[in-house]
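My structure is below; once you've seen it, I'll send some questions.
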Amino acid sequence: MRIPSNAHVAIVDGKNFTVMRNGGAPLEPKLDRAEQPDLSATNYSAGVRHQDNIGREKGTSTQLDELAHAAAVSEWLNSQCVSGDIADLLVIADPKTLGEMRHHYHSELEKRLVGEIAKTMTGQPTDKIEQAIASA
């Protein structure tokens, strides 16, 4: 995958969120850690979509917490894109988190989105993340 120089890379799962920047060439990403934003997961709107018999029987608090985290990440990324702090964005997230994040994307974020990778990469070494981007 081609990723512009200085593009932000959001690496997300149901509990973790890291933002890195591409300091390398578009076809040879070299990621540097930018920040690990502190988020408050307060948007539990996904719970409306996930009310089913199995969820009520087994309890969905963990799932709702993960989905609320995905919403919080999207809201943070939206604010950064709207303010102009993020010009280009690549999102790497596990499929469930990525699906929830898409429900919350602002149109400005969508304009700046250079790609998405539906894969769990949180906790992986930087070189593995760079390989996943290069091979996507």
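Taking the stated definitions as given, is residue 102 buried (at least 17 other Cβ atoms within 10 Å of the Cβ) and of a type in the set (Lys, Arg)?
Considered against the rule, which asks whether it is buried (at least 17 other Cβ atoms within 10 Å of the Cβ) and of a type in the set (Lys, Arg), residue 102 comes out as no.
Is there any pair linking a residue in region 118-136 that is farther than 16 Å from residue 22 by Cβ to one that is in a loop (DSSP other than H, G, I, E, B) and not basic (Lys, Arg), with Cβ under 6 Å and at least six apart or on different chains, and which?
These pairs meet every condition: 120/13; 120/94; 122/13; 122/16.
Just need a number here: residues in region 90-124 that are within 11 Å of residue 78 (Cβ to Cβ) and assigned to a loop (DSSP other than H, G, I, E, B).
Here the count works out to 2.
Also, I was wondering about something else. Kindly list the number of the only condition in (1) among the aliphatic types (A, V, I, L, M); (2) buried (at least 17 other Cβ atoms within 10 Å of the Cβ); (3) modelled with pLDDT under 80; (4) part of a helix (DSSP H, G or I) that fails for residue 41.
The number of the failed condition is (4).
Hey, another quick one. Please tell me if residue 68 is touching a residue at least 12 places away in the same chain (Cβ under 8 Å), part of a helix (DSSP H, G or I), of a type in the set (Gly, Ala, Ser) and farther than 17 Å from residue 20 by Cα.
yes
Also: For region 71-88, how many residues meet the condition of being under 21 Å from residue 40 (Cβ atoms) and either in contact with a Gly (Cβ under 6 Å, 6 or more places away or on another chain) or touching a residue at least 12 places away in the same chain (Cβ under 8 Å) (or both)?
12
Filter region 105-133 down to the residues that are at pLDDT 95 or above and of a type in the set (Gly, Ala, Ser), then identify the one that is surrounded by the fewest Cβ atoms within 10 Å (Cβ to Cβ).
107
Considering every residue within region 65-73, establish whether at least one is at pLDDT 95 or above and surrounded by 13 or more Cβ atoms within 10 Å (Cβ to Cβ).
yes
Hey, could you check region 114-136 for residues that are charged (D, E, K, R) and under 11 Å from the mean Cα position of the chain (by Cα) and say which is farthest from residue 5 (Cα to Cα)?
It comes out as 119.
The values are calculated or read from the model by the stated rules, or taken from the named source; none is laboratory data. Here the structure is a predicted model, which means the values were calculated and not measured. Every residue, glycine among them, receives a Cβ derived from its backbone with ideal geometry; neighbour counts consider all protein chains shown.
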